[in-house]
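Accompanying notes for the structure given below.
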Amino acid sequence: MSVDLSTPRSAVGPPWTLPGMHVAEALGVDIATGLATTEAASRLSTTGPNDLPTEPPRSVLQSVLAELRETMILVLLGAAVLTAVTGDLADCAVILLVIAVNTTVGVVQERRAVGAVAALRTLSTPQCTVRRDETVQRIPTTELVPGDVLQVTEGDVVGADARLIITHELQVDEALLTGESLPTARDPNCDCSAEAPVADRTTMLHAGTLVVHGTGTAVVVATGVATQLGHIARLLHERSAPDTPLQRRLAALGRRLSAVAAAGCVLVVLIGLLRGQPWELMVVAGISLAVAAIPESLPAVVALALAGGTKRMAARGAIVRSLPAVEALGSVTVLASDKTGTLTIGSTSCVALWTPDGGDLAMDAVRIDGPGILEGTGPRALLQAAVLCNDAHPGAAGTEGALLAAAAAAGIDVVALREALPRTREVPFDSVRREMCTWHAASDGEKEIVKGAPEVVLRKVARTASASEVVERWTAQGRRVLAVAAGATGAPILLGLLALADPVRPEAREAVRAARAAGIRTIMITGDHLGTATAVARATGVLADNDPPPDFIHALRSVYARTDPRGKLDIVAAWQRAGHIVAMTGDGVNDAPALRAADVGVAMGRRGTEVAKEAADLVLTDDSLGTVVAAVAEGRRVFDNIRRFVRYGLSGGLAEILVMLAGPFLAFPLPLLPAQILWVNLVTHGLPGVAIGAEQPEPDVLRRAPRPPHEGILTRRAGLEVLALGTTVAASCLALALWAAAQDRPWQTMLFATLALAQLGIALTTRSDRCAVWRMSPAGNPFLYAAVALSAAGLFAAIYLPGLRDLFATTPLGPGELGLAVAAGAVPAVLIEITKALQRVRLRTPGPGTSSGPMGSTDPV
């Protein structure tokens, strides 16, 4: 081939800017004969199959090793080693199980991109029609080569990018690539600029798009990765899915915890050695304290909280494909919504009509008891004319099908009408004349019907002043308008206008309002025209009535029109660079790269392509934006519960460190034995910690602003709360131990019991950051009460059962001693409830976007 036309900007210009016959000549093919079989085979060996090759994924071992390098996993691996050293094999096994589960989830998530590209490959029709060796042949689509003469007809999926040569009423649905809701007419003679986006290249056919009407002949100019589908496949590999906010926060928390725990344990070991304790005992104590200080059940809590959120979201119509995405939804600050199929129904409908005598009528208000096309004018005559001047069959899609559906819904018998007024001749629609004319045999002579663009039809008829005003108004609303005239041959009169649109989904406006109340900004990204996008944005509340029209100047705005896949990627990236957490909804092939690059990708389950579903984190079974908002509430609930557990677990770990640090200065050489430390850790951080992850959401979960994107799990205020709680618990334990030692009571066992009971009491108070625990029904989280009861039983078993009592070196406590331990352990929980009561008095009506913590914090939780 002398010219490489598969490259969009070749020396002679892109193929959509050149005359079709010139393109064929440059590719060395005669349209009448097609390629010779030998020449096609030669080109196939050069270009390769018309397919989308996938990159070989890295091995499972490489994926596993990558997951094991995560900070929190490294901390857990260290904890597993330490528990094995201390002989706590049960705890070690649990930690290793948690590591295995988290690693498996990460490896599965990594392969989603490979699945997205695999889904792209299924979009090409397996067979296509070409002209080779002067005959029409059916060949596998994978054998198409540049220069093949491709023939398409209604219902075909285009197999490759091709320059049109000849068309007959050809209309193509390119929604998968462009997002345009209406089929577009193809015109091989149109002048297209080199900068024209995909949606405006009316001289082209693109791989993966659907022919909805007419026929055409084209010459293939690009196959495989050189097609628009191939470009999207490359975009999917160029952009990897970002870490979710939770993954970033857990990594940061893991680094901080490991540093603090290591420092605290080293201090305990040094203090013990300086006070003459055996080094073997102190090293084991330091290792035990390290295990206790790090809430190793945190990944299990996270996994179970996410799994619970996933189950609840599935019941609401949202299928989660990536567990971390559950929490990430709660962090979303920008919701980037596709237009077609998300904010709108996703199919063309006839939504209104206008007649000179009756004015505007919504389709659901149309009555057909007036005159028909043979008797006069009116809605009935208008719809009958739209049926007769129409090549579609009942049930067809596209503009013509929408007109038939509207007529049938109004009570017109399409088949009977066409039989009563048979067509005698026609002039098909084309993109130059922009009208279709048909003639029909009638009892009073031949009837002529004209249907087409208003600016064309209105020139032929009278009484057009008011019609022009309606056209201008409907066009400004983003509707496509058709004019219809009928009458005696050569003298048609205006019957009226028909408005076609992709109607706004009934629940879309409420969903946008709910997102705004939750502090989430909704933006629209579409490949459709700016006028249509603006009209839908105003109808759904994305743009307020008093907002100025969208522009193309500001990078961060509410409405983006005429965007291509690369443009959608750039828009998502721009909002992310501005510090936002972005959720992106979409259903087409053109949305897939942006779905993957967004913090949370949301695909439509009903009309979405497999490509979009594979690239997304969340799939909506009802295609409703309202389901996304409901999923946001679940995400916030999950993060609230994770933060509650972190606050609970760290306060307990800090209390244990403070007891071990302060004890030697209070004449307690070794306040707790290593086995006692590990047992307290097990009974307090195990079942209760997991149960905290199942807590119900706070009432204001959708009435507060999202968390700041860069805010960690442990904020400064939350850190102060942990410090206050840990200090209070440690002080209660050491105070009771001092009294018990002075009274010659079993001080170590009483300290051991108080430390565990205090943490279990705090676990109950974590249920709400405002409501008193005694006002909350146990039915809201029965697992927590059962977990606390079982953990208390485990504590008492270590004190009273002979075998365990010897293992943990404890002494049975009398009723009075146990009562004192319970009372001292209740002090932190009582102080938390008093603080919550004072907070309720100070903030009778909490402000939006705040949630006061148990120690008076106003951090979002």
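The values are calculated or read from the model by the stated rules, or taken from the named source; none is laboratory data. What you see is a predicted model, and the numbers here were worked out from it, not measured in a lab. Cβ coordinates were reconstructed from backbone atoms using ideal geometry, including for glycine residues, and neighbour counts include every protein chain displayed. Ligands, DNA and RNA are stripped out before the accessible areas are found, and what is left, the full protein with its side chains, is counted by its heavy atoms. Shrake-Rupley method; radii C 1.70, N 1.55, O 1.52, S 1.80 Å.
Summary of computed values
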| read-out | value |
| --- | --- |
| Gyration tensor verdict on the stretch 621-732 (Cα atoms; rounded if a/c is under 1.5, prolate if a/b is larger than b/c, oblate otherwise) | prolate |
| Long-range amide H partners of D51 with built H, under 5 Å | G224, V225 |
| Cα gyration tensor, the stretch 545-696 - rounded (a/c under 1.5), prolate or oblate | prolate |
| Share of carbon and sulfur in the accessible heavy-atom surface of the stretch 736-817 [1.4 Å probe, %] | 68 percent |
| For the stretch 718-732, 3J(HN,Hα) per residue [Karplus equation, 6.51 cos²θ - 1.76 cosθ + 1.60, θ = phi - 60°, Hz, x = Gly/Pro] | 5, x, 5, 4, 4, 4, 5, 5, x, 5, 5, 4, 4, 5, 4 |
| Net charge over other residues, Cβ less than 13 angstrom from the Cβ of I31 (K, R count +1; D, E count -1) | -1 |
| Sparse-neighbourhood loop sites, trypsin sites (Lys or Arg not before Pro) in the stretch 437-502 - DSSP loop, at most 12 other Cβ within 10 angstrom | R463 |
| Those lysines that a straight Cα-Cα span of less than 25 Å connects to K447, excepting residues fewer than 8 apart in one chain | K460 |
| Sparse-neighbourhood loop sites, GluC sites (Glu not before Pro) in the stretch 439-487 - DSSP loop, at most 15 other Cβ within 10 angstrom | E446 |
| For the stretch 430-496, with +1 on Lys and Arg beta carbons and -1 on Asp and Glu, the positive-most of V461, L482, W439 along the dipole | L482 |
| Neighbourhood charge, 12 Å Cβ-Cβ cut-off, centred on T223 and excluding it, Lys, Arg +1 and Asp, Glu -1 | -3 |
| Under-5 Å amide H pairs with R704, H placed in peptide plane, nonlocal only | G849 |
| ³J(HN,Hα) computed for each position of the stretch 752-761 - Karplus, 6.51 cos²θ - 1.76 cosθ + 1.60, integer Hz, glycine/proline x | 4, 5, 5, 4, 6, 5, 4, 5, 5, x |
| Three-way shape call for the stretch 326-413 based on the alpha-carbon gyration tensor, with the a/c threshold at 1.5 | prolate |
| Residues with amide H under 5 Å from that of T348, placed H, sequence gap 5 or more | G398 |
| Computed over the stretch 508-554, the ratio Rg/Rh where both radii use C-alpha atoms and Rh is Kirkwood | 0.96 |
| Peptides 754-765, 487-498 ordered by average Cβ neighbours within 10 Å, highest first | 754-765, 487-498 |
| Sites E195 and E446, calculated FRET efficiency, Cβ-Cβ separation with R0 45 Å, nearest 0.05 | 0.45 |
